[in-house]
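Visitor: First the structure, then my questions, so here it is.
The values are calculated or read from the model by the stated rules, or taken from the named source; none is laboratory data. This is a predicted model, so every value here is computed, not measured. Using ideal geometry, Cβ is built from the backbone for each residue, glycine included, and neighbour counts are taken over all protein chains shown. The area values use the complete protein model at the heavy-atom level, side chains included, leaving out ligands, DNA and RNA. Shrake-Rupley method; radii C 1.70, N 1.55, O 1.52, S 1.80 Å.
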Amino acid sequence: MAAPLDSSGALDSHRASCDLEFSISALLGAVGAARGWKDLESHTALIAQKFRHEAVVISGRKLARQIRQEAKSEVEQWVSSGNRRPHLSVILVGDNPASHSYVLNKTKAAADVGISSETILKPSTCSEEELMELILKLNNDCNVDGLLVQLPLPEHIDERKVCNAVTPGKDVDGFHVVNVGKMCLDQTTMLPATPWGVWEIIKRTGIPTLGKNVVVAGRSKNVGMPIAMLLHTDGRHERPGGDATVTISHRYTPKEQLRQHTKIADIVVAAAGIPNLITADMIKEGAAVIDVGINRVQDPVTGKPKLVGDVDFEGVKQKASYITPVPGGVGPMTVAMLMKNTIIAAKKLLPKSATLHPATS
């Protein structure tokens with residue numbers, strides 16, 4: 001069994017084992033050089049591998065519970081100081097089962113931390129004009145702090161237009177062009193929940209980023225690109241980044257070229273939506289692997305559908321130092337960070353320029 005991320009003791013133990021492995025490798029290297037081993041690197045790697053443990057499996061559920069408890073305490077303190085309870089409005093268009101499940105998880109989390117919420121259901125035949133009118137109404141409702149429109153939307157509705165219709169100060173998804181721009185400029189803003197969740201996993205687990213090589217597999221504007229921005233930007237700025245050297249791959253990156261990048265990466269973030277894209281032969285010993293992918297595939301044994309990530313979990317955990325599972329990794333963190341964004345919106349902590357209503361023309 002892989003080591004669970006239960007406490008700082010587990011992390012300390014894992015780091016100690018990694019230090020031991022490094023010391024053993026160094027010793028074997030010296031002995032091998034003295035004895036004239038021809039294939040010194042292979043000898044060292046094979047023997048040292050016997051002393052290493054499987055990856056620490058990072059429980060996104062446990063980290064999310066910790067963040068949600070922080071959010072709950074923050075809400076209780078806010079309300080006890082005489083302020084109105086934060087309120088989240090969610091617009092759900094259509095009958096997509098996955099979207100309905102995601103929205104249910106969000107409203108359950110809101111109730112858990114003390115945020116009031118509502119889900120506004122619209123049929124898949126809802127026109128873009130009708131949806132825009134609803135968004136404008138909620139933008140102008142002073143009792144609504146956070147507002148999100150669940151994606152994806154029906155094909156006849158322009159998602160980018162809809163995301164930009166939500167006023168930036170209520171945009172708890174962090175998808176408005178103003179919030180995206182401020183994130184890219186390292187300014188305080190509403191961060192997209194999934195990338196922020198990945199960033200919190202890395203920080204709270206103690207995985208170093210400064211000067212490290214990172215590969216982000218996937219360049220989507222809502223996940224891959226923001227993750228890369230958070231990891232590579234300056235840690236001294238208003239919104240501190242990770243100071244890492246980041247490589248972004250995408251659908252036109254040849255698999256062999258991707259492998260060349262991942263083989264030297266200290267951190268690999270898989271967010272391409274391709275099952276088993278990242279395999280053990282692509283990972284260097286001791287790398288940290290964050291799996292953002294959520295793919296529904298058929299279980300070859302049971303024949304039933306199951307969720308898998310973009311990473312070959314069983315193979316990669318034999319080489320990685322840390323790894324996130326699917327499900328139970330990044331997913332719960334996304335919901336937790338959404339709650340944090342709703343509190344930020346309720347407290348109006350963003351600069352005034354980020355809370356102006358967008359033009360309606």
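Visitor: Would you mind telling me which numbered condition in (1) outside any helix (DSSP H, G or I); (2) within 17 Å of residue 291 (Cβ to Cβ); (3) among the β-branched types (Val, Ile, Thr) residue 227 fails?
Guide: (1)
Visitor: For the stretch 150-198, give me each residue that is outside any helix (DSSP H, G or I) and open to solvent by 40 Å² or more (accessible area, probe 1.4 Å).
Guide: 152, 155, 156, 158, 185, 187, 188
Visitor: So residue 203 fits all but one of (1) under 22 Å from residue 68 (Cβ atoms); (2) in contact (Cβ under 8 Å) with a residue 60 or more places away in the chain; (3) surrounded by fewer than 22 Cβ atoms within 10 Å (Cβ to Cβ); what number is the exception?
Guide: Unmet for residue 203, out of (1) under 22 Å from residue 68 (Cβ atoms); (2) in contact (Cβ under 8 Å) with a residue 60 or more places away in the chain; (3) surrounded by fewer than 22 Cβ atoms within 10 Å (Cβ to Cβ): (2).
Visitor: Something else: Identify, from the list 348, 340, the residue that is closer than 26 Å to residue 175 by Cβ, in contact (Cβ under 8 Å) with a residue 40 or more places away in the chain and in contact with a Ser or Thr (Cβ under 7 Å, 6 or more places away or on another chain).
Guide: Details: 340 fails: in contact with a Ser or Thr (Cβ under 7 Å, 6 or more places away or on another chain).
Answer to the check: 348.
Visitor: Is there any pair linking a residue in the stretch 233-257 that is of a type in the set (A, V, I, L, M, F, W, C) to one that is outside any loop (DSSP other than H, G, I, E, B) and open to solvent by 30 Å² or more (accessible area, probe 1.4 Å), with Cβ under 8 Å and at least six apart or on different chains, and which?
Guide: Listed pairs, sorted by first residue: 244/213; 244/232; 246/232; 248/225.
Visitor: Another question, if that's okay. Only residues that are in a loop (DSSP other than H, G, I, E, B) and within 17 Å of residue 287 (Cα to Cα): list them for the stretch 199-224, please. Full working, then the answer.
Guide: Residues of the stretch 199-224 that are in a loop (DSSP other than H, G, I, E, B), as a first pass: 206-212, 218-223.
Those that are in a loop (DSSP other than H, G, I, E, B) and within 17 Å of residue 287 (Cα to Cα): 206, 207, 208, 209, 210, 211, 212.
Visitor: Quick test for you: out of 243, 310, pick the one residue that is acidic (Asp, Glu), surrounded by 14 or more Cβ atoms within 10 Å (Cβ to Cβ) and closer than 16 Å to residue 213 by Cβ.
Guide: Details: 310 fails: closer than 16 Å to residue 213 by Cβ.
Step by step, each of 243, 310 is checked, and only 243 is acidic (Asp, Glu), surrounded by 14 or more Cβ atoms within 10 Å (Cβ to Cβ) and closer than 16 Å to residue 213 by Cβ.
Visitor: Return the total of residues in the stretch 211-233 being open to solvent by 30 Å² or more (accessible area, probe 1.4 Å) and either in contact with a Gly (Cβ under 7 Å, 6 or more places away or on another chain) or not hydrophobic (A, V, I, L, M, F, W, C) (or both).
Guide: So the count comes out to 8.
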